[in-house]
Each structure stands twice: as C-alpha cells, then as structure tokens.
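J.: Quick one: this structure, given as structure tokens, is what I'll be asking you about.
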Amino acid sequence: MTVAGAEVELIEGAGGVFEIMRNEELLFSKRKLNRFPDDKEVDAIIAGS
C-alpha cells in the first residue's frame, strides 16, 4: 500500500508491539515510549519530519 508517497506494510505480530520503521531504521516504538502515536505524529513520521 502507498501512503503519502511511502510504501507501507502492516506486519502482524504479538505482544502489543507497534513500530514504524523506514529502511530498517526504527522511527517510533510503542514499546519504548509506552504509548501509541497520534494521527499527526504518524503523518509526520511517514512524511519524514
């Protein structure tokens, strides 16, 4: 799937893990921050901000 010009893939997992990665670089980790990102934060991460 392409979102905001980025190829996006949802990979099912276990244990409540939610991570956003780009080119194998971890950009957001629910496990590390103990929270989900908000919508604007996800948009900014995908846009590369």
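The values are calculated or read from the model by the stated rules, or taken from the named source; none is laboratory data. Note that the structure is predicted; figures quoted are calculated from it, not measured. Cβ placement follows ideal geometry from the backbone for every residue including glycine, while neighbour counts extend to all protein chains displayed.
J.: Yes or no: the range 2-12 includes at least one residue that is surrounded by 10 or more Cβ atoms within 10 Å (Cβ to Cβ), modelled with pLDDT of 85 or more and assigned to a loop (DSSP other than H, G, I, E, B). Walk me through it before giving the result.
T.: Looking only at the range 2-12, we keep the residues that are surrounded by 10 or more Cβ atoms within 10 Å (Cβ to Cβ), and these are 3-4, 6, 8.
Applying the additional criterion that residues be modelled with pLDDT of 85 or more yields none.
No, that holds for no residue.
J.: I need the full set of residues from the range 30-48 which are in contact with a helix residue (DSSP H, G or I) (Cβ under 9 Å, 6 or more places away or on another chain) and surrounded by 13 or more Cβ atoms within 10 Å (Cβ to Cβ), in order please. Working first, answer last.
T.: Here is the first cut: in the range 30-48, the residues in contact with a helix residue (DSSP H, G or I) (Cβ under 9 Å, 6 or more places away or on another chain) are 36-37.
Scanning the range 30-48 gives a single hit, Pro37.
J.: Moving to a separate point now. Inside the range 20-29, can you point out the residues that are surrounded by 10 or more Cβ atoms within 10 Å (Cβ to Cβ) and either of a type in the set (Val, Ile, Thr) or in a loop (DSSP other than H, G, I, E, B) (or both)?
T.: Taking the range 20-29 and keeping what is surrounded by 10 or more Cβ atoms within 10 Å (Cβ to Cβ), we get 20-22, 26-29.
The answer is Ile20, and nothing else.
J.: Would you check if there is a residue in the range 30-45 being in a loop (DSSP other than H, G, I, E, B) and either touching a residue at least 40 places away in the same chain (Cβ under 8 Å) or touching a Lys or Arg at 6+ places or on another chain (Cβ under 9 Å) (or both)? Spell out the reasoning first.
T.: Going residue by residue through the range 30-45, those that are in a loop (DSSP other than H, G, I, E, B) are 34-38.
Those left that are additionally either touching a residue at least 40 places away in the same chain (Cβ under 8 Å) or touching a Lys or Arg at 6+ places or on another chain (Cβ under 9 Å) (or both): 36-37.
Yes; the residues of the range 30-45 include at least one that is in a loop (DSSP other than H, G, I, E, B) and either touching a residue at least 40 places away in the same chain (Cβ under 8 Å) or touching a Lys or Arg at 6+ places or on another chain (Cβ under 9 Å) (or both).
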